[in-house]
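**Q** Sending over a structure as structure tokens; questions will come in a sec.
The values are calculated or read from the model by the stated rules, or taken from the named source; none is laboratory data. The structure displayed is predicted, hence computed values, not measured ones. All Cβ positions, even for glycine, are placed from backbone atoms using ideal geometry, and neighbour counts span all protein chains on display.
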């Protein structure tokens, strides 16, 4: 009913609120486990291996109780049905059989706070206050996993006779496996067992019989299945599931032979493909005839969460990697991508340094195959990881615009591309320097340079060369192989491809590096184009071990709700709490399986504080998105956030006596970064924005404030190398009841498909029937106002902002080129997707429908 006007032509917002209320009354409340008090609840959750005792042991029980009391005293309620549905289906803790809920929203908030605070009571209290009030929202990996004992891993639930696949091709009883043994994990490779869990089980055991074998398990043990029944609550979220295509985790006690097929290892030759997974028939699930107590086991496997049992059944964040022009780096990068993708992380890789198609190998001409075969290897690798525990579409590759393979690279995304080169699931990004735009403006030829020759002549990888600065020098250097294309035709090709596929992403290379305060060069971005950090290459031995560990990149993200942050009783304290919370995520991150990522994270302590709900806030305050007042607010808001973020990082550095690695070579240490804030006055340009900050009681930093902060930073340093990045917030926006990121709404009433329940409608935050005019959608607003808004924010963000451009179906490739050039001129760092509105076909419209676009 939310999507239909009432008899008076008004949107029925009350229907969404009623749907949320009924969802709790008819579903959540009836399926939530009851506990008499918090002590009983916490004791149960620890004893039954739901919560990590190590998290709670860092605090007194009295403090923990006071924290939960404070959270519940806020009387939190989900204002929308979709927010509640997203939380209870994807985030909250469930019983091992997946049928009942063990947490309410307040419990999840407290466990996140206790985990991140790591024993710091004051920080835990601050985090609860900021999260429960909706001002700060940790990203999905943090909000989903913090404090949970399992965190995607299965509990100890196999009987001792269960056969485990071991290195060498044999199978051994799980009770005979010892720490140090190697077992076959979900990647098909041997991995060391680091820990063995065992416990006495005196309840029911189940015999799960399937094509090729069977296994005795406890009822709560989760199996990955292809199902025709999506009405069940899954005990796990993520870790290889694909609910839209029927791939979900189901507890053994809830398996249904009539609906489920067991997902097995892909090498099982008698399996059948279901939604891209190898599956076998589930014969039956019966009680296992084993009276009395029995010991059950689970293995903890190095670098993996899974291992293969019986006849091959599979049981149960964002990263950037450099790839150099040698086989060792290519092989190690593919391995690292598998490791990271398996954990559900998105992985972006740089291909700019790879020698082009037809270049020499060992001085023999026409030997290199270029970047396309590597892309195919990566796509297959991500597909393999997806089958065995990661998410679809977890990879992106970036290539420099002046790489000789650039057209081959782009052609892989064409709808009519030959299957031998077509790339279906990898995302593509192109790195474009200023010189490319200058060549197009003058209608000049555009030269593409051999990375092999450039590295041979300059002694550094192609990606580390300033192409704009060295362009004419390289054109004149006869030692460098080069090919020639038309610059304008290159941009025409980009626009055509973006119309077809939405790709590629664009990184404006020189804009990014001019704004970079850290020594070194930023060469590429991530899957969502908001992470912009310096990376350095690794060197490898012949056996792929590290001769020198370089510096790669991980993303530790969380976002502020702009509207709620403007309402904060202490704006600066809200920012500082968010910075400290994200710093805890960085400090607690362990990516030892990829040493270059781990090394980079430990050196940089880099985080990405994002923002969301800009459009919601502006509309609430009766300001049009993209208007003079809207852009003025965006400028002053991000300016003020930057000041408090830097101050918080400086305070952490003072407390710990430590700055990020390389601080002394940064523009922070030299003071250059602060010049634009100390040498000019920043203040609202409109009376409306000045009044908004005055009414909120928020002090706008003065030049003297910046001079004082500059002195503190130069003396004590900064703990975090990077502080801000604005991602395209997804699920967390619905839970937080925010408009996504800082772009406009795509529709006043958003339509989403949520599994078996079908269409779900999400109304824009703060929208009512009296302020609809302020909710112009992104297609109506147009690219110029969106770019202007992002440009106002960009000047105060050290990393990137995920910027999607929206076009009506009447747009042409020339319009896309104009937008690309306009973004470059306005100082935008990256462009994410291009979205085209598909209008409803004549005769298919629904009368009285608020959002009827097909």
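**Q** So residue 6 fits all but one of (1) outside the structural domain of residue 737 (by TED's automatic domain parsing); (2) touching a helix residue (DSSP H, G or I) at 6+ places or on another chain (Cβ under 6 Å); what number is the exception?
**A** If we test residue 6 against (1) outside the structural domain of residue 737 (by TED's automatic domain parsing); (2) touching a helix residue (DSSP H, G or I) at 6+ places or on another chain (Cβ under 6 Å), just (2) comes out false.
**Q** Among the residues in the stretch 381-390, are any farther than 17 Å from residue 502 by Cα, in a helix (DSSP H, G or I), out of contact with any helix residue (DSSP H, G or I) (no Cβ under 8 Å at 6 or more places or on another chain) and modelled with pLDDT under 95?
**A** yes
**Q** Another question, if that's okay. Do you know which of the residues in the stretch 484-497 that are surrounded by fewer than 16 Cβ atoms within 10 Å (Cβ to Cβ) and at pLDDT 95 or above is farthest from residue 809 (Cα to Cα)? Spell out how you get there, then give the answer.
**A** Taking the stretch 484-497 as the starting set, the residues that turn out to be surrounded by fewer than 16 Cβ atoms within 10 Å (Cβ to Cβ) are 484, 486, 489, 496.
Retained after the next criterion (residues that are at pLDDT 95 or above): 484, 486, 489.
Values: 484: 33, 486: 28, 489: 23 Å.
Applying the filter and picking the extreme gives 484.
**Q** Inside the stretch 592-698, counting only helices (runs of 4 or more DSSP H) that do not spill past its ends, which hold 2 or more residues that are touching a strand residue (DSSP E or B) at 6+ places or on another chain (Cβ under 9 Å)? So that I can check it myself, show each step before the final result.
**A** Working: elements: 595-604, 614-620, 628-656, 667-670, 675-678, 687-696.
Answer list for the stretch 592-698: 595-604, 614-620, 628-656.
**Q** Checking residue 480 against (1) buried (at least 16 other Cβ atoms within 10 Å of the Cβ); (2) within 36 Å of the chain's Cα centre (by Cα); (3) at pLDDT 95 or above, only one condition comes out false. Which one?
**A** (2)
**Q** Something else about it: Being buried (at least 21 other Cβ atoms within 10 Å of the Cβ), at positive phi and modelled with pLDDT of 95 or more: is that true of residue 650 here? Even if it seems obvious, please write down each step before you answer.
**A** Values: buried (at least 21 other Cβ atoms within 10 Å of the Cβ): yes; at positive phi: no; modelled with pLDDT of 95 or more: yes.
Criteria not met by residue 650.
**Q** Kindly check whether there is at least one residue in the stretch 318-340 that is under 29 Å from residue 177 (Cβ atoms), within 22 Å of the chain's Cα centre (by Cα) and at pLDDT below 70.
**A** No.
**Q** Let me ask another. Residue 655: at pLDDT 95 or above and within 32 Å of the chain's Cα centre (by Cα), yes or no? Quick ask: steps written out before the conclusion?
**A** Numbers: at pLDDT 95 or above: yes; within 32 Å of the chain's Cα centre (by Cα): yes.
Considered against the rule, which asks whether it is at pLDDT 95 or above and within 32 Å of the chain's Cα centre (by Cα), residue 655 comes out as yes.
**Q** So, one more: Hey, which of the strands (runs of 3 or more DSSP E) in the stretch 249-304, taking only ones fully inside, have at least 1 residues that are at pLDDT 65 or above and out of contact with any helix residue (DSSP H, G or I) (no Cβ under 9 Å at 6 or more places or on another chain)?
**A** Values: elements: 260-263, 272-274, 277-287, 294-301.
In the stretch 249-304, 260-263, 272-274, 277-287 are the strands (runs of 3 or more DSSP E) which contain 1 or more residues that are at pLDDT 65 or above and out of contact with any helix residue (DSSP H, G or I) (no Cβ under 9 Å at 6 or more places or on another chain).
**Q** If you don't mind, there's one more thing I want to ask. Could you check residue 518 against (1) under 25 Å from residue 804 (Cα atoms); (2) at pLDDT 95 or above; (3) under 25 Å from the mean Cα position of the chain (by Cα) and say which number it fails?
**A** Evaluating residue 518 over (1) under 25 Å from residue 804 (Cα atoms); (2) at pLDDT 95 or above; (3) under 25 Å from the mean Cα position of the chain (by Cα) leaves (1) as the failure.
**Q** I'd like to know if the stretch 398-414 contains one or more residues that are within 24 Å of residue 553 (Cβ to Cβ), buried (at least 21 other Cβ atoms within 10 Å of the Cβ) and at pLDDT below 85.
**A** Checking the stretch 398-414: not a single residue is within 24 Å of residue 553 (Cβ to Cβ), buried (at least 21 other Cβ atoms within 10 Å of the Cβ) and at pLDDT below 85.
**Q** Which condition number in (1) within 22 Å of residue 7 (Cα to Cα); (2) in contact with a helix residue (DSSP H, G or I) (Cβ under 8 Å, 6 or more places away or on another chain) is the one that residue 773 fails?
**A** Checking residue 773 against (1) within 22 Å of residue 7 (Cα to Cα); (2) in contact with a helix residue (DSSP H, G or I) (Cβ under 8 Å, 6 or more places away or on another chain), the one that fails is (2).
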